[in-house]
Amino acid sequence: MSDTFPLTGISSVAIHASGHDNADYSHLTPIYASSTFTFDTAQQGSDRFAGADKTKIYGRWGNPTFTVAEETIAALEAFGLMGDDGKPLQLKALLHASGQAAMTTLFLGTLKAGDTVLSHFSLYGGTHELLLKVMEQTGIHTTIIDMRDLNLVEEALKNDPSIKMVHIETPANPTIQCVDIEAVTKLAKQRNLIVSVDNTFATPYLQQPFKYGVDFVFHSTTKFLNGHGTAIGGVLLGKDLELMRTHIWKWHVLLGGNSNPFDAFLLTQGMKTLELRMDRHCHNAMEVAEFLENHPKIALVNYNGLPSHHGHAVSLKQMRYPGALMSYDLKGGLEAGKRFIDALQMCVRAVSLGTLDTLVSHPASMSHAGLKREDRIKYGIPDGLIRMSVGIENIADILNDLDQALKKA
Ligand SMILES: *Cc1c(COP(=O)(O)O)cnc(C)c1O
């Protein structure tokens, strides 16, 4: 889009921000299914390698379909924000094959052996294992604390000079715990540490971590950004454009975690309806949470839109709406959890989140079945806990399905 016509709304940005034009006047972003890009002359090849000509060179290093997705996500995360220079914030995004691939680029691209990452105990399982298994083997250590307690954050930073990065995930899975991005970033920046935020659950429409001075934002685009459950993907965004274009890009292409043109295309289409979808997801989620909170078979609802939730105040401060993810504990425990899941008629039994349909899972019998029961409970995952990504179906049908399944639970 031209600088002379600044877009004022986030849907306009999602639909028009990437100014990619193509010689064939295709209305939608073409799927550039090509592993390499040709040169007319030796001089042109040389200009491209030197960076004077931005045309693509080789598919692992970049592809025009990826660029459209990357520019769109960068514009969404930067929307309405100003940089340190007082000008509109500029971000650089790198699209990856998966969230895990983007996370790998983040950790290996910024840290070295002997460095430590400080993070919160309620982390996405894949991130937790990547840090404690894979990164640990490279000599990059991880310290896990409860980052909701700012005193613990301050103490950890003071006592361990090897901490180089603070990695925040908020809201976090499956307890929907919220970490105060502004407060934690302030503590980390007093010591010049790198701050990264996993913004997958919130999306840039609900929460913009760059507002608080963080360095990197990460998304599993598999979830709400794609929005339709059609492709796996991940993105890493940074505000140090030079660092992103040189070192981080280099690590990304050497690690080989590139996306593919078809998945990137699906993402470009999905993102256009982000605002519409999120409004409906969040509206439905609030109704579901209120219905469940008063239900006699439910012991507890974790949803940060409810004033009873420990993350309510923090989420009000940093999120536009409380999001579409929640969990709730059935009084009947493990067996009730299984009976409830089996009785659902419309809601879909599946892990993942951020799709148009309502997805429901039972961590104790599924994703967290491998954990010791005491550990699972310590992490806030009791036997009867149900994790739910509320979809955009009509609310009456979601409530009717939950109501009839709860009768059988
Ligand atoms: C899904 C997810 C990831 C990992 O992303 P993939 O696309 O599955 O590799 C990381 N963080 C969060 C919060 C997620 O939900």
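The values are calculated or read from the model by the stated rules, or taken from the named source; none is laboratory data. Because the structure is predicted, anything quoted here is derived from the model rather than measured. Reconstructed Cβ throughout: ideal geometry from the backbone, glycine too, with neighbour counts over all protein chains shown. Side chains are part of the model used for accessible areas, which takes the heavy atoms of the whole protein and leaves out ligands, DNA and RNA. Shrake-Rupley method; radii C 1.70, N 1.55, O 1.52, S 1.80 Å.
I'd like the residue in the range 215-235 that is of a type in the set (A, V, I, L, M) and touching a residue at least 40 places away in the same chain (Cβ under 8 Å) and, out of all such residues, is nearest to the ligand (Cβ to nearest atom). My answer is 232. So is residue 171 under 14 Å from the mean Cα position of the chain (by Cα) and within 12 Å of the ligand (Cβ to nearest atom) or not? It is true that residue 171 is under 14 Å from the mean Cα position of the chain (by Cα) and within 12 Å of the ligand (Cβ to nearest atom). Is it true that residue 267 is of a type in the set (A, V, I, L, M, F, W, C) and within 19 Å of the chain's Cα centre (by Cα)? Judged against the criteria, residue 267 is a match. Restricting the first member to the range 160-172 and to residues that are assigned by TED's automatic domain parsing to the domain that holds residue 107, and the second to residues that are acidic (Asp, Glu) and surrounded by fewer than 24 Cβ atoms within 10 Å (Cβ to Cβ), the beta-carbon pairs closer than 8 Å and six or more apart or on different chains are 162/115; 163/115; 164/115; 165/115.
Residues that are open to solvent by less than 10 Å² (accessible area, probe 1.4 Å) and either of a type outside the set (A, V, I, L, M, F, W, C) or touching a strand residue (DSSP E or B) at 6+ places or on another chain (Cβ under 6 Å) (or both) within the range 360-400 comprise 360, 361, 362, 363, 384, 385, 386, 388, 389, 391, listed in sequence order.
Conditions (1) closer than 17 Å to residue 165 by Cα; (2) in the same structural domain as residue 390 (by TED's automatic domain parsing); (3) within 17 Å of the chain's Cα centre (by Cα); (4) modelled with pLDDT of 95 or more, marked per residue:
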position	(1), (2), (3), (4)
205	no, no, yes, yes
208	no, no, yes, yes
213	yes, no, no, yes
217	yes, no, yes, yes
226	no, no, yes, yes
229	no, no, yes, yes
237	yes, no, yes, yes
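Looking only at residues in the range 87-102 that are within 11 Å of the ligand (Cβ to nearest atom) and more than 13 Å from residue 216 (Cα to Cα), the one that is surrounded by the fewest Cβ atoms within 10 Å (Cβ to Cβ) is 97. Residues of the range 174-200 that are of a type outside the set (A, V, I, L, M) and open to solvent by less than 20 Å² (accessible area, probe 1.4 Å): 174, 175, 177, 178, 185, 196, 198, 199, 200. Which residues, counting only those in the range 147-167, are open to solvent by less than 40 Å² (accessible area, probe 1.4 Å) and closer than 23 Å to residue 353 by Cβ? Selection gives 147, 167.
Whether any residue in the range 103-120 is open to solvent by 40 Å² or more (accessible area, probe 1.4 Å) and within 15 Å of the ligand (Cβ to nearest atom) is what I want to check. Looking for residues that are open to solvent by 40 Å² or more (accessible area, probe 1.4 Å) and within 15 Å of the ligand (Cβ to nearest atom), one finds none in the range 103-120, hence no. Taking the range 121-159 as the range and being without any contact (Cβ under 8 Å) to a residue 40 or more places away in the chain and within 16 Å of the ligand (Cβ to nearest atom) as the test, the residues that pass are 126, 128, 129, 130, 131, 132, 133, 134, 135, 142, 144, 147.
The residue pairs whose first member lies in the range 194-206 and is on the phi > 0 side of the Ramachandran plot and free of Cβ contacts under 8 Å to residues at least 40 places away in the same chain, whose second member is open to solvent by 10 Å² or more (accessible area, probe 1.4 Å) and within 12 Å of the ligand (Cβ to nearest atom), and whose beta carbons are closer than 7 Å, counting only pairs six or more residues apart or on different chains, do not exist in this structure.
Listed here are the residues, each with its yes/no results for (1) open to solvent by less than 10 Å² (accessible area, probe 1.4 Å); (2) within 25 Å of the chain's Cα centre (by Cα); (3) in contact (Cβ under 8 Å) with a residue 12 or more places away in the chain.
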position	(1), (2), (3)
299	no, no, yes
315	yes, yes, yes
321	no, yes, yes
348	no, yes, yes
354	yes, yes, yes
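Residue by residue, here is whether (1) out of contact with any helix residue (DSSP H, G or I) (no Cβ under 7 Å at 6 or more places or on another chain); (2) on the phi > 0 side of the Ramachandran plot; (3) modelled with pLDDT of 95 or more holds:
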site	(1), (2), (3)
317	yes, no, yes
324	no, no, yes
341	yes, no, yes
357	yes, no, yes
360	no, no, yes
364	no, no, no
371	yes, no, no
